[in-house]
Structure formats: structure tokens, C-alpha cells
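*Asks:* Quick one: the structure is below, and I'll ask about it shortly.
The values are calculated or read from the model by the stated rules, or taken from the named source; none is laboratory data. Note that the structure is a prediction, hence the values are computed from the model and not measured. Backbone-built Cβ (ideal geometry, glycine too); neighbour counts: all protein chains shown. What goes into the accessible areas is simple: the full protein's heavy atoms, side chains included, and nothing from ligands, DNA or RNA. Shrake-Rupley method; radii C 1.70, N 1.55, O 1.52, S 1.80 Å.
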Amino acid sequence: TLGTQTDYRDGEAQTDPYSPEYIVPSGSVPELLTLATLTWGRGLPAGLAEVEIIERAREKRAWEATLPAMDNASQIAKRRKMMDDMERKEWAFREQEIEKLQEVRLEVLKKLLRRREENQNELDAKRLDAHWQNHQKAKEEKIKKIQHDCALMLRKLIAKRKNVMGKLERRDIIKEYTDFASQTYAPLSRIGYFPDNHSERYVVKNFYLNTFAGLCELEASLPDSVTQVKIKAPKPKYTTTKTGFIKRSARLEVELAQVHQALLEKKNKVKEPKKPLRFLEKVEKPVPRPPTPILEKPSIEEEETELAVICLQKLLRGRAIQNMMFEGKEKRLELIRELRTTHALQEDGQLLLKAEEQMTLALQQQHDLQMHKLSSVENHLAREEGRVLANIFDFLSKELVRLQEERKIHAFVMLAERQRRMREAEESGRRQVEERRRQEEDEIFKQAREETVHQSTVDSYLEDIILSSMENTAEEQAREEIQRMAVEINDIAYEMESRRTHLQSEEIVAELVYDFLIPEAEKMSIREKVRQSQRKHIYAAHQIIHGGTE
């Protein structure tokens, strides 16, 4: 008679479904008790597999009911034949289940192998990335070291070329103090001087900025225009151009002002009072409400008759339900008799059935044990086979990668050896030409130094002609040699360009800087010095000639 309402759902308040207690009458085996092994989470709620098991159990019970009795030898042979057929069907069904389980296990194994391969690929990618990053770091460090060594060698060469003759020069203090880029004003940190030390000596210290009294004095000395700000009203901007047109911004400002004014008027609008009526209006009256009904109190006789009618209705309904139950019993009378006959067997038959049931259960347990052993053995064999195959494939893949890497390294070594030989040949030819030029220039330099200032005009004139002709011929020969070498180098460079990688190109650039640019700069500086030294002698000879002619 009472109803309750809860704030919690049944799924939150109840964990497992409730299973009430039951009592089985003696001699009866209800079909529902065959499902007692199924519990919540283990077969319940029932799925397709559980439904198939229940249907097979029903079919088996129906088949057991159709077995012939063991009265004579023919019935026993017929019973044995039926049992053999049933056993074959069960074995076939069991084999199908085993095949399904094997297929499921095979799919699981494939998924595991696929996942293992993906994990291995990820690990390989990570290792390659780490290896590549290590190579990049090593390359950057090598480039930094090369740049540092290049700067160091350039400084050494510049310092060495400043004193080609190897003369000892004294320190020129006046020159150092007149040159603001010298070590006196800007010493180098690699020598051991750090200009950032004792930087507080250069901080500006002012009495007017660091003390309160100085700030007050500075404020008093300032004019009033600094401390007292005067703001001038801005002049209105011209909204029209020189030609008389209104600007777009002015038009937008006017429109915005109009919209703002309209919004203010609408916001501040006062409601107008109602005007007096000029004509008469009809006032409709509301519809009158119906009268409230009054319930008359029934008499005692009417109440008694009503209760008697209600009791009669209950009796009629109960009788109708009894008739429905009786009709249902009559319709299913054959089923009820069949159930009674199946449960009313003799004690010997029940004992035989129990013995056969125990025998079949023992055989089934033995068969299950054997199948479990076979499945465990097959699992172990499959695991060992998979492990051996995985190791073999891993070893073969690693060997294949190793052979490919060895072939690549061998090809790189052959290319490097070929390039080294070509560079050695080019370098030897270049060195011979440079040695020959150096000997010629040294000879010219020696002859220029050995000449005396007081020579005749004819000798100096002939010497100038000889020197200019030698320079012209040497320059022509050098230009031809350079053009020939440039053609050869271009052919070699185009051939190497089609093969080399990014790292090899960087090494070639570094070697060109070391082997070509720096020696060429040194040669140019030496030639310029030789020309300067020759100009001194020529200038002295010209002065003597002009002085004699004057």
C-alpha cells in the first residue's frame, strides 16, 4: 500500500542479481536446475554460446528419452548403435569447437606478432634518430673545430707575413697609442685580458642623481614649464578636403552620432498619458459561472447494496480465473502426464540411469583432460616454433642489413681512394708550378736587391723593359695554365658533383679554403711587396735622371 522513490539507480545500489532459495521435491529434476552452473559474469546474462549449450542439452535429454529399453539383445544392440552415433556427433562437435579455439588463438598470435613488429619498428626508428643526432652533433663539433683552427691559422699566417724578412722590430709606442685598434686600447681576451672586469669603474656617479638632496636641488633649478604641465585644447580637424568633398571618416562620424542620438532618445522616451475617450465603448460582462454541484449523502441501504455488488464481482472474477486455469490444464494434460511418467520410473531404472550418467561424466572428464593435455602440448610446440622462427628471421634480416652496409662502405672507400689519388695528382702538378714560379720570383727579387741605385739610365730602362716583358710572358703562361687546369678541375668537379653527398661537399669546401685561397692571398701580398720594393729603385733612378737633366 506504500510507494517509495529513491535517488539511486538499481545499477548503483545492487551489485549481483538476487538468487532466491528453492526447494526441489523428491523425484523431480526441473530443467531450470541444469543451468545452476551459470552465474552472473560467467554465462549470465546468456549469450549466443550459452543458448546453443542449452539447446544441445535439451536435444540430448530428448535423445536420452528416445533410447530403447534394455529388455532384450536387439534393443541393447540398437541402443549401443544410437549411443555410438551420438558419440561421433559429440566428437565432431568437439573438433569444431577445437578448430574455432585454434582459429581464435591464431588470430591472437597474429595480433601479438603484428604488435611486436610495430614495437620493434618504433625502437629501430628511435635508435636511428638517436644515431643520426649523434652524427649531427659530431659533425657540428667537427665544423666548429675546423673553423676555430682556420681562424687560428689565418692569424698565424697574417702575423708571419707581416715580417717576411724575419727582421726584429722594436715596439713603436707612439704608433700603438695613435692607433685606437691596437692592443693598448682594445686588448684581446685570448691574451689574458677581460675588459668586463672592474666595470663598476665606468659607472656614472652623480650627486644630483644618487642623493635626495641633489634631486631636490635639481628640481628647484628646473623651470616651471617642466614641473607644471599645460594642456592645450586640440584644434578640430578639417572634415573637408581642398576640393570641397567630405571625407569618409567625417561621414561615418556623423552617422554614428545620429545613431547614438536616436538610441538615447528611444532610451529616455517618456510614455505619453492616455487621451480621454471621445466615444462610448461597450464593456462586455463576464460569463456567469455554473452553480457548484452538491453531493447528496447516500443512505445506509444503498451502501449495503453497493458492497454486495462489489463482493459479487470479486466472486465472479475468481471463478473466471479458476475456469481459465482448468481449461489450460485440460489443454496441456498430455504434457503433464508425460512429465509424470518420466519421473515415475522404477528404482532400478533410476539406478541404471545414474550409473550411465556417472560413466558418461567420467568419460567426458577423461576426454577433457586428454584434450587439455593435447592443447597444452600444442601451445608449447607453437610457442617454441614461433620463437625459433622469430630468431631465424631476425638473424637473417640483420645479416642482410650487415651485408648491404658492408657493400656501401666498400663502395665509399673505393670512391674516397679514387678521389684521394686524383687530388694527389692535381696537388703535385700544382706544387711543381708553384715551385717554378717561386724560384723565378725569388731570382727576380734577388736581382732587384743586388742592383745598385747609381746605374745608368740605359741599364735601368733596359731592366724595366725586361722586367715588364717577363711579367707579361709569365702572366700569359699563368693564364693558359690556369685555364687548362680550370677545364680539368671542372671535369673532375662535375664528375664528383654527381656522386658526392652533403658531408663530402662541406669537406671539399674546407680543403679548397685551406689549399687554394690562403696560398693565393699570400702570393698576391708577396707580389705587391716586390712591386713596392722595385718602385723604390725606379723612383730613385727617375729622380737621378731628372736631376741630371735639370
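*Asks:* Per residue, how much accessible area does the chain show when a 1.4 Å probe rolls over the protein heavy atoms, in square angstrom?
*Replies:* Dividing the accessible area of the chain by its residue count gives 94 Å².
*Asks:* Give the relative contact order (percent, whole number) for the chain; include only Cα pairs under 8 Å separated by 6+ residues.
*Replies:* 10 percent
*Asks:* Okay, next question. Compute the FRET efficiency between Met70 and Ala382 as 1/(1 + (r/R0)^6), taking r as their Cβ-Cβ distance and R0 = 60 Å, and round to the nearest 0.05.
*Replies:* That gives a FRET efficiency of 0.85.
*Asks:* What angle, in degrees between 0 and 90 and rounded to the nearest 10, separates the Cα long axis of helix 300-331 from the longest principal axis of the Cα atoms of the chain?
*Replies:* Helix 300-331 and the main axis of the chain meet at about 80 degrees.
*Asks:* Determine which residues of the stretch 89-115 fall in the zone a paramagnetic label at Asp368 would reach in this model, i.e. backbone nitrogen under 20 Å from the point 7 Å along Cα→Cβ.
*Replies:* 89-102
*Asks:* Given a 1.4 Å probe and heavy atoms of the protein chains only, how would you sort Arg79, Arg58, largest accessible area at the top?
*Replies:* Arg58, Arg79
*Asks:* Leaving ligands and nucleic acids out of the surface, order Met371, Met359 by accessible area at 1.4 Å, largest first.
*Replies:* Met359, Met371
*Asks:* Taking just the alpha carbons, could you work out the radius of gyration and Dmax for the chain, both in angstroms?
*Replies:* 58.9, 177
*Asks:* While we're on this one: When the chain is fully extended, how far beyond the present Cα-Cα distance does Arg340 get from Arg499, taking 0.36 nm per residue of separation?
*Replies:* That pair, Arg340 and Arg499, stretches by 47.4 nm at full extension.
*Asks:* Follow-up. From the C-alpha gyration tensor of the stretch 347-431, pull out the three semi-axes of the equivalent ellipsoid (sqrt of 5λ each), sorted largest to smallest, in whole Å.
*Replies:* Gyration-tensor ellipsoid for the stretch 347-431: 81, 6, 4 Å.
*Asks:* Rounded, prolate or oblate: which fits the stretch 502-549, taking a ≥ b ≥ c as square roots of the Cα gyration tensor eigenvalues, rounded meaning a/c under 1.5, else prolate when a/b beats b/c?
*Replies:* Verdict is prolate for the stretch 502-549.
*Asks:* Would any residue of the stretch 298-315 have its amide N under 18 Å from a label point 7 Å out along Cα→Cβ of Met324? List them or say none.
*Replies:* So the set is 313-315.
*Asks:* Scanning the chain for chymotrypsin sites (Phe, Trp or Tyr not before Pro) in DSSP loops with at most 14 other Cβ atoms within 10 Å, what's the longest stretch left with none?
*Replies:* The answer is 280-550.
*Asks:* Roughly speaking, what is the stretch gain from Glu52 to Phe93, that is 0.36 nm per residue apart minus the C-alpha to C-alpha distance, in nm to one decimal?
*Replies:* 13.6 nm
*Asks:* Please determine, in degrees from 0 to 90 and to the nearest 10, the orientation of helix 457-497 with respect to the longest principal axis defined by the Cα atoms of the chain, where the helix direction is its Cα long axis.
*Replies:* 10 degrees
*Asks:* What part of the accessible area of the chain, given as a whole %, is carbon or sulfur when the probe is 1.4 angstrom?
*Replies:* That share works out to 59 percent.
*Asks:* Let me ask something additional. Given C-alpha coordinates of the stretch 48-159, what is the ratio Rg to Rh with the Kirkwood estimate of Rh?
*Replies:* 1.75
*Asks:* Sticking with this structure for a sec: With every protein chain left in place, what is the accessible area of Cys311 in Å² (1.4 Å probe, nearest 10)?
*Replies:* 70 Å²
*Asks:* Which value, in Å² rounded to 10, gives the accessible area of Lys100 with a 1.4 Å probe and all protein chains present?
*Replies:* Lys100 exposes around 130 Å² with every protein chain in place.
*Asks:* Round to the nearest 0.05 the FRET efficiency obtained for Val29 and Glu406 when R0 = 60 Å and r is the Cβ-Cβ distance.
*Replies:* Between Val29 and Glu406 the formula returns 0.15.
*Asks:* Also: Please give the charge dipole size of the chain, origin at the Cα centre, charges +1 on K and R Cβ atoms and -1 on D and E Cβ atoms. Round to the nearest 20 debye.
*Replies:* Result for the chain is approximately 2760 debye, rounded to the nearest 20.
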